[in-house]
Amino acid sequence: MYDVVIVGAGVSGASTAWQLSRYDLKIALIERWADVGFGVSKANSGIIHGGFHHSAKKTLKAKLEILGNLMFDQLQYELDFPFQRNGILVVAFTEEQMSTVRKLYKQGLDNGVRNLEMCGRDRLLQLEPKLNPEVVGGFHAPGGGTIEPYRYVFSLVESAQKNGCELFCNFEVISGEYRNNLWTLTADDGRKIKARFVVNAAGLFADRVSAVCGAEKFAIHARKGEEYLLDRNSKARPQKVIFPVPSRESKGILVIPTAEGTTMIGPTADPTEDKLDTTTSADHMQHIVTLVSRMINGISPRDIITSFAGLRPVLEDEDFYIDLSKQVPHFVQVAGIQSPGLTASPAIGGYVKDLLKQDGLELTEKEHIAYRNLPRHEFRHETPEALDELHAQNPTYTHLVCRCEKISAAEIIEAVRKGHTTLDGVKFYTRAGMGCCQGGFCSAKIMKIISRESGIPMEELTKKGGGSLLLGGKLGILTVNTTRETAK
Amino acid sequence: MIHEFNYDVAVIGAGAAGLAAAAEIAKSPHRVVLIDREEQLGGILRQCIHNGFGLRYFKEELTGPEYADRVAALTKSPNINCKTNTTVSDLKRLPDGSFELLAYSADDGVSLIRVRAIFLGMGCRERNRGNLAIPGSRPAGVFTAGAAQKLLNIEGMLPGKSAVIVGSGDIGLIMARRLCWSGVEVKAVVEIMPYPSGLTRNVVQCLDDFGIPLYLEHAMVNIAGRERVQYVDIAPLENGIAQLDRQFRIECDTVLFSVGLIPENELSIQLNVELNPATGGAVVDANLQTSVPGVFAGGNVLHVHDLVDFVSEESSEAGKSIVRYLDGKLHSDNNCVTVESNLKYVIPNCFNTGEKCTFSFRPLIVSDVALLEAELNNKVIWKRKFTYVKPAEMLKIELPAEILKTPGKLVFRLKEEA
């Protein structure tokens, strides 16, 4: 029996689990997919937004965005994930667009954002020499930045686990029942979890989880965003995150210098009926390349090393819905967490905690709290001297497995031992396979390490859980059809 | 403590190129460190268990591992120290013109290696689905042909049960046959060009003999499947544009990409070696020396070859140049060599006045008969007819010393003959 069960281990659920794990509570965090962050969060653009896109007077999402933004420096220190406050530029290329720029700037000021700076052409080019010199004007939000969203989720969950939170992956809730002051959530495979409180942070499927628990009826719509990742050596990599002037549906197509030294362009914003549809399309690639080429110099489609798509969970009114259920007891809804959900997530966790307290959950701080995730020993961030010392403790620190991103065997072994036993799990945890060869050289090596460390036979390893088997079995299991050959 | 080593030459990569260069240098008294990130010497040859190697270089037909063993045997010399399972991550040129390398391995930890010359023999990597930005979902079952080859031939694992191969490059063709022999159904090979991009003998022996359909001028326009690949959509091309109204579907659980190779010059970039956009490799002079004195290149890191025999020949030549460099006897002239019509590139990019020189070309045309012409200072000095010219097959010629006696600008042209 748990005090709280959190449905969904994306940024919202993980942040909630992390905040609650510091109290004397028994917490379960459940995730539908094979690993944490594998739903909406995995494909997030990774922007820590600047607090000017939405009005804090009118929307909950802006209020939480502004609070959340301010929390990231401390979070990075405590949790260890790639994050940089490299600033955001919103850029206009026509006088007409400048009126929106001024409106956004004013909105930022009204929201209480500090240090926003209106910029003319020269100032913008000084801040970001790679901008197209035809830029007319814009503003600078130095408090914005970029983060690796999946690394942030891993870090939150790891810290929560250190403080006693229990994680259950591949747990898809198919029913929820409240009886004798206790919730029982049942998974598709029959597992059951009992808890006094439920937090519904199920992302795209928050509507379904709410429905099967007899709570509010609402509809989550999926809005797809395609992203294209450029080679590390791309000449287009800017210093700042570059935003165009936004539209109603989205903040536009951005140029994103990621916190790990690569460049990403995207995302698009298109509604899709299918909540599992993460396909990319040729038209969109062209569209993205054309749009970003207007903003910045050096974009080349030849530099694209991979593409992917993510889905934003969107409610009709475009705002977050975070509240106690009015229809069932002890049930917190955390729904419609679209952009700027990542930025807002630390504040979302706090907000949910306060709602639970208000609903009767007693919060007593633990006597011993593990506050920090010590920084990981990542080959790419260590000096040769430090690597030499690490090698003395464990020789696998100087055995490089992923050449492109410089990931050591030690890092991969650590990921597997922490429970990331899918190829994507290891990839997102360590970056192995994210570089220019896209796993061409290292996938087989990584699979062997996963198999050795986890005991899962090679032929049963998956890319991302479920039926995503990586291999077709051992050589020799198939019958060789020689009829065509002999027919010749 | 970081181990420090001094050698005369570092050979980076112990595939066909690095082994040939190291073997050549070891004939001199100079000391070589041969570094490779894999466990065994031989590079990609290890996974190429088919035959067809060595006809030119060893005058007999060998499999990839046999060829690797032959060249590796030549490197058994007291002058060569092999460091396998070792990755070079940083390269630096010092003000005195020597070099410092940082190499990492589980056995030795961190090694700081000082050398006077470097041979770049890193080979190439495969272009992948991401490079082509093929639309669709991202299920398991999508491989580059070489990665699938390694899984099958080294690890003994099948990539899947039914496959479609994108690109008719040699690795893709070889893999089509290999998959058939393993019981995997190969449903199609899809090629965007109007002609196959692999060697003719491979089209015959790997596709025709097995009745595998080759769709020329077709593109893969969609990969579908949530967990594992379920099907792909293929469309014919007209003037390079996919005709989506005529697309058709092939059910399969595996997609292999054999769509070209990219020379692996990430380390060369650290040394500010000048690269040639046409090859993706270094610009080199007649001695196969790059724009950075003391840095030489050969094999697929320089330009993508279709025969390993050519890799060995070229890299042996580079090895000889390195010995001359170390002995202070290397002579380089700056006589510019370029290509015009119907040739993608030429290697090397300079010739030495009055010395014979070997040139490699990549044609841009398919032609039954074509005339290769060399023009020095606007005067045609040499011609040769070639039959069955195509982009898949590299042209290699040697110009004798007599006709290169005058310094100046050398231009090559390829002309289609009616």
_Among the residues that make up the stretch B:26-38, is at least one of them within 23 Å of B:Ala148 (Cα to Cα) and aliphatic (A, V, I, L, M)?_
no
*Selection within the stretch A:155-201 - of a type in the set (Lys, Arg) and closer than 12 Å to A:Val4 by Cβ*: A:Lys194, A:Arg196
*Among (1) modelled with pLDDT under 95; (2) touching a strand residue (DSSP E or B) at 6+ places or on another chain (Cβ under 9 Å); (3) more than 14 Å from chain B (Cβ to nearest Cβ), where does A:Ile322 come up short?*
(1)
_Selection within the stretch B:317-328 - under 26 Å from B:Ala16 (Cα atoms) and surrounded by fewer than 12 Cβ atoms within 10 Å (Cβ to Cβ)_ = B:Asp327
_I'm checking my understanding of the structure. Among residues of the stretch A:382-419 that are surrounded by fewer than 16 Cβ atoms within 10 Å (Cβ to Cβ) and more than 13 Å from chain B (Cβ to nearest Cβ), which one is farthest from B:Glu4 (Cα to Cα)?_
A:Lys418
*Name the residues in the stretch B:1-57 that are charged (D, E, K, R), closer than 22 Å to B:Ser268 by Cβ and touching a residue at least 60 places away in the same chain (Cβ under 8 Å), would you?*
B:Asp8, B:Glu24
*Which one of the conditions (1) more than 14 Å from chain B (Cβ to nearest Cβ); (2) among the small types (Gly, Ala, Ser); (3) more than 30 Å from A:Gln333 (Cα to Cα); (4) not in a helix (DSSP H, G or I) does A:Ala370 fail to meet, given that it meets all the rest?*
(3)
*Across the stretch B:117-135, what is the number of residues that are assigned to a strand (DSSP E or B), within 11 Å of another protein chain (Cβ to nearest Cβ) and of a type in the set (A, V, I, L, M, F, W, C)?*
1
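Conditions tested, residue by residue: (1) in the same structural domain as B:Val284 (by TED's automatic domain parsing); (2) polar (S, T, N, Q); (3) in contact (Cβ under 8 Å) with a residue 40 or more places away in the chain.
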site: B:Ser98; (1), (2), (3): yes, yes, yes
site: B:Ser105; (1), (2), (3): yes, yes, no
site: B:Gly109; (1), (2), (3): yes, no, yes
site: B:Val115; (1), (2), (3): yes, no, yes
site: B:Leu120; (1), (2), (3): yes, no, yes
site: B:Leu132; (1), (2), (3): no, no, yes
site: B:Ala145; (1), (2), (3): no, no, yes
site: B:Ala148; (1), (2), (3): no, no, yes
site: B:Ile154; (1), (2), (3): no, no, yes
_Odd one out for B:Val221, checked against (1) more than 11 Å from chain A (Cβ to nearest Cβ); (2) touching a Pro at 6+ places or on another chain (Cβ under 8 Å)_ = (1)
*Counting only residues that are more than 9 Å from every other protein chain (Cβ to nearest Cβ) and assigned to a loop (DSSP other than H, G, I, E, B), which one in the stretch B:204-218 is surrounded by the fewest Cβ atoms within 10 Å (Cβ to Cβ)?*
B:Pro213
_So, B:Arg201, is that one in contact (Cβ under 8 Å) with a residue 60 or more places away in the chain, out of contact with any Pro (no Cβ under 9 Å at 6 or more places or on another chain) and not in a loop (DSSP other than H, G, I, E, B) or not?_
yes
*Check the stretch A:147-161 and report whether any residue there is small (Gly, Ala, Ser), at pLDDT 95 or above and not in a helix (DSSP H, G or I).*
no
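For B:Ile234, state whether it is more than 22 Å from A:Phe308 (Cβ to Cβ) and either part of a strand (DSSP E or B) or touching a strand residue (DSSP E or B) at 6+ places or on another chain (Cβ under 6 Å) (or both).
Values: more than 22 Å from A:Phe308 (Cβ to Cβ): yes; either part of a strand (DSSP E or B) or touching a strand residue (DSSP E or B) at 6+ places or on another chain (Cβ under 6 Å) (or both): yes.
When the stated conditions are applied, B:Ile234 passes them.
The values are calculated or read from the model by the stated rules, or taken from the named source; none is laboratory data. Computed from a predicted structure; not experimentally measured. FYI the Cβ positions are ideal-geometry reconstructions off the backbone, even for glycines, and counts take in every protein chain you see.
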